[in-house]
Amino acid sequence: DAGITQSPRHKVTETGTPVTLRCHQTENHRYMYWYRQDPGHGLRLIHYSYGVKDTDKGEVSDGYSVSRSKTEDFLLTLESATSSQTSVYFCAITETGSYEQYFGPGTRLTVT
Amino acid sequence: RKEVEQDPGPFNVPEGATVAFNCTYSNSASQSFFWYRQDCRKEPKLLMSVYSSGNEDGRFTAQLNRASQYISLLIRDSKLSDSATYLCVVDTNTDKLIFGTGTRLQVFP
């Protein structure tokens, strides 16, 4: 158990509203990642962080922003949600010195 | 060409069967390779890391062929509980991984 939690676990929101998803880890891992998973696309990287206040874009970053003000929390924000952002969002961490990633339980987001 | 390609399946096999999945990758600089298992509506979980020429863990064997840039996963004596989607994952030689879209396995009694 990598001690990763995500909140909320499910959310339904309307187009145009802001949404923030939270990823929390308890083991001080340096690297944290946000992915989305959609049928036919697999897991795609949105943003990742390699330390407090250090973040970088992934392959599908448009429409998303992130923040990491504490080691344990990595926030993903949809500034103005669109229906194309309906997806399952997974957070992951990497243990120091390894490429192996461990995932949180996911957030199922529906934008109507 | 996709960076990581897998046969989506589904593979429908009876209990006790042996089944193999293949995965090809495009980045010849990749050094680390993984198989993840994902159950329906759950998060992916690391099944095996594949280093050097491959490794075995109980009924599961992973092989790596760097020359041909493919990875395989062999499951022997399939169980009903092996039914899941298996994701092939490759590092990009940076801080990021690339995930295949997965191969679905259904084991029937």
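All of the numbers you see were taken from the coordinates with simple rules; none came from a lab. This structure is a prediction, so every number in the text was calculated from the model and none was measured. Cβ sites come from the backbone with ideal geometry, for glycine too, and all protein chains shown count toward neighbours.
The table for this structure:
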{"item": "Number of partner chain Cβ atoms within 10 Å, mean per residue of A:94-105", "result": "4"}
{"item": "Antiparallel content of DSSP bridges confined to the protein assembly as shown, in %, to 5", "result": "90"}
{"item": "Distribution of pairwise C-alpha distances over chain B, 10 Å bins, in %", "result": "15, 50, 29, 5, 0"}
{"item": "Dimensionless Rg ratio for chain A, taking C-alpha atoms and the 2.2 N^0.38 Å reference", "result": "0.99"}
{"item": "Gain on full stretching of the segment that runs from residue A:7 to residue A:62 - 0.36 nm per residue minus C-alpha separation", "result": "17.6 nm"}
{"item": "FRET efficiency, residue B:15 to residue B:68 (Cβ-Cβ, R0 25 Å, nearest 0.05)", "result": "0.20"}
{"item": "Charge dipole (debye, nearest 20) of the stretch B:1-87; +1 at Cβ of Lys and Arg, -1 at Cβ of Asp and Glu", "result": "140"}
{"item": "Surface/4 of the Cα convex hull for the protein assembly as shown, nm²", "result": "12.2"}
{"item": "Spin-label model distance (nm) - residue A:53 vs residue A:14, 7 Å beyond Cα toward Cβ", "result": "3.8"}
{"item": "Separation in nanometres of the label points that stand 7 Å from Cα toward Cβ, at residue B:59 and residue B:28", "result": "3.9"}
{"item": "Karplus-derived 3J(HN,Hα), 6.51/-1.76/1.60, for each residue of the stretch A:29-45, Hz, glycine and proline x", "result": "6, 6, 9, 9, 9, 10, 10, 10, 10, 10, x, x, 10, x, 7, 10, 6"}
{"item": "Where Rh is the Kirkwood radius over Cα pairs, Rg/Rh for the stretch A:23-83", "result": "0.98"}
{"item": "Residues whose placed amide H lies under 5 Å from that of residue A:27, excluding near-sequence neighbours", "result": "none"}
